[in-house]
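Following: one structure in structure tokens, then a few remarks.
The values are calculated or read from the model by the stated rules, or taken from the named source; none is laboratory data. What you are looking at is a predicted structure, and each value in this text was computed from that prediction instead of being measured. Using ideal geometry, Cβ is built from the backbone for each residue, glycine included, and neighbour counts are taken over all protein chains shown.
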Amino acid sequence: MFKHILLPTDGSDLSQRAVDIGITLAASLGAKVLAYHAMEPFISLPYDTEMMAFPENVYIDQANEHAVYYLEQVRERAKAAHVACDAVSEFEHRPYEGIVRAARDRHCDLIVMGSHGRSGLDKLLLGSQANKLLLAADVPVLICH
């Protein structure tokens, strides 16, 4: 059935629950997993770059540190379940696009992702990476909330 499961994570409790579900599923199927973390790119306006309190290099270093931490959590969970795990992180303005690309490039056949299950005005205003992923993905998506 599924042989390579993509597990996007943002480090939240919700995404960790989805990771655990994905790892459990992978263990039962003899599949491997790919942990994925999208980092928001640094954005600055040209006229205020001299005065920024948070320089770009500091932001990038911290984003990379968080990514390493989040992905290591997935690796540890996978290792405990005896599931092979690879990990990748990248800067991406639209995380759902990075997830779709990672699934395609790494030949994943299932994506397991957490969602807050927002509805109504919250969904309209805040958007939903999970909803966008459902529309864009070429492989099945399991949404956990």
Inset, instruction - Please go through region 39-91 and pick out each residue that is at pLDDT 95 or above, within 16 Å of the chain's Cα centre (by Cα), not in a helix (DSSP H, G or I) and not aromatic (Phe, Trp, Tyr). - result: CYS85, ASP86, ALA87, VAL88, SER89, GLU90
Inset, instruction - Identify all residues within region 97-114 that are crowded, with 23+ Cβ neighbours inside 10 Å and in a helix (DSSP H, G or I); write none if there are none. - result: ILE99, ALA103
